[in-house]
């Protein structure tokens with residue numbers, strides 16, 4: 001790693017710059033950072049809606065109290081391990097947490113939370129996310145130096161807002177950035 005001071009980005013949000021990553025999963029992505037150490041980083045994209053699923057059927061919940069389908073959105077968290085699912089949720093739910101942040105957010109990855117959400121006993125806000133984004137040591141730092149990402153503090157209401165297709169533009173507006181301020185190719189003005 002370089003001589004620069006390491007800044008831990010766990011609990012922060014990465015906002016993709018508009019023209020640098022103009023194809024694929026990272027184009028206009030927002031990533032909530034789960035872990036960032038000098039050994040690498042892991043995050044969850046939270047604005048790539050895949051579909052809506054019936055939570056009861058998806059997790060094969062056998063609770064007889066839950067009689068109706070419980071439809072929830074499912075998001076693509078990144079290109080790594082799509083067979084793994086995570087609930088990014090508000091910290092009002094604290095059973096069997098995988099990660100707990102000091103910004104009113106937590107992450108769970110167990111079947112109990114799916115049943116609690118389906119029965120109305122789960123967190124006030126949650127996103128079901130499959131897969132994740134990962135960086136090896138130094139990769140994220142290099143991408144930051146190349147201005148591929150804007151780092152911002154996490155806003156719980158923003159993460160759980162409706163209309164995921166508008167979240168990226170809203171993130172730029174919140175930061176006071178006009179998408180048109182970015183140029184697609186470096187050059188002389």
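Values quoted throughout were computed directly from the atomic coordinates according to the rules given, and no laboratory measurement underlies them. Computed from a predicted structure; not experimentally measured. In this analysis, Cβ positions are derived from the backbone assuming ideal geometry, glycine residues included, and neighbour counts consider all displayed protein chains.
Every Cα-Cα pair in region 13-181 was counted, and those over 20 Å apart are 52% of them. Separation of region 79-128 and region 140-162, taken as the distance between their Cα centroids, equals 20 angstrom.
The protection proxy used here, the mean number of other Cβ atoms lying within 10 Å of each residue, ranks peptides 70-78, 41-49 as follows, highest first: 41-49, 70-78. Where both bridge residues fall in the chain, DSSP classifies roughly 90% of the beta bridges as antiparallel.
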